[in-house]
Amino acid sequence: MNFDAALFDLDGTLVDTEPRSQEAWRRLYETHRVPHDAELLRSFAGRPGKVVLTEQLASFPPGATVEDLFAEAMSYATRPAEPVRGAAELVRTLRAGMPVGVVTSGTREYAKAELVAIGVLELLSVLVTAEDVDRGKPDPEGYLRACRELAVDPARTVVFEDSTAGVAAAKAAGAYCVGVRTQAHVSLTGADVVVPDLAAWLEGAER
């Protein structure tokens, strides 16, 4: 398929951070003795952490703030994250023929550190983070902004996403969406195609 640009989610799509994120959320809830289950924590995937905490704040003890809880959760996310199989290779391959960007629910500082770690930051033409939008995924604002900055039609853009919220955001923007199944339990309904990892997409494109 011919596209004019490629956009990637970060956590779970380029970098296998979801096990680390789930552990951080679990520790936060357990530390504050807030009732929770695995389904609740999994529902946070792909969404901005501060938005999630704003919705959940009433469950935490009086006096807790979104900023403090977010900083605490981030402090628990210390497990090293590995790149998703084929991540760097696919970014480099696509970059040879079109602009490539990242649209993430994470902060800019966090995103840059992860992208440096897998060696692709310098390849990006655009980076849209939680600090650049008013509405996070599943809202399409982030993807629409990236397309505007690249001066490309969303309908001519391929998006790689691993979460339900991310797929919804990509499709609402009008993009072609590749669902990346790095989380077995996550529904990728709505994605135009689903692959087990980015290496699988690269291998298929090379055939």
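The values are calculated or read from the model by the stated rules, or taken from the named source; none is laboratory data. Computed from a predicted structure; not experimentally measured. All Cβ positions, even for glycine, are placed from backbone atoms using ideal geometry, and neighbour counts span all protein chains on display.
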**Prompt:** Restricting the search to region 127-177, which residues are under 15 Å from D4 (Cα atoms), outside any helix (DSSP H, G or I) and of a type outside the set (F, W, Y)?
**Reply:** A151, V152, D153, T157, V158, V159, G174, A175, C177
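In the list V91, V102, V116, which residue meets the criterion of being in the same structural domain as D153 (by TED's automatic domain parsing), hydrophobic (A, V, I, L, M, F, W, C) and not in a helix (DSSP H, G or I)? Don't jump to the end; show me each part of the working.
On the way: V91 fails: not in a helix (DSSP H, G or I); V116 fails: not in a helix (DSSP H, G or I).
The conditions single out V102.
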**Prompt:** Given the residues G46, G101, G63, which is the only one that is surrounded by 14 or more Cβ atoms within 10 Å (Cβ to Cβ) and modelled with pLDDT under 95?
**Reply:** G46
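Name the residues in region 97-122 that are of a type in the set (A, V, I, L, M, F, W, C) and within 17 Å of A199 (Cβ to Cβ), would you? Please lay out each step first, then the result.
Within region 97-122, the first condition is being of a type in the set (A, V, I, L, M, F, W, C), and the residues that meet it are 98, 100, 102-103, 111, 113, 115-118, 120-121.
Correct list: V100, I118, V120.
Condition check ((1) acidic (D, E); (2) over 30 Å from E203 (Cβ atoms); (3) touching a residue at least 40 places away in the same chain (Cβ under 8 Å)) across all residues:
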| residue | (1), (2), (3) |
| --- | --- |
| V15 | no, no, yes |
| E23 | yes, yes, yes |
| G49 | no, yes, yes |
| D68 | yes, yes, no |
| E72 | yes, yes, yes |
**Request:** Within region 151-158, identify whether any single residue is surrounded by fewer than 21 Cβ atoms within 10 Å (Cβ to Cβ) and either over 23 Å from G97 (Cβ atoms) or outside the structural domain of V102 (by TED's automatic domain parsing) (or both), and answer yes or no.
**Result:** no
**Fill in**
Residues in region 48-72 that are more than 18 Å from Q22 (Cα to Cα) and not in a helix (DSSP H, G or I) total 5
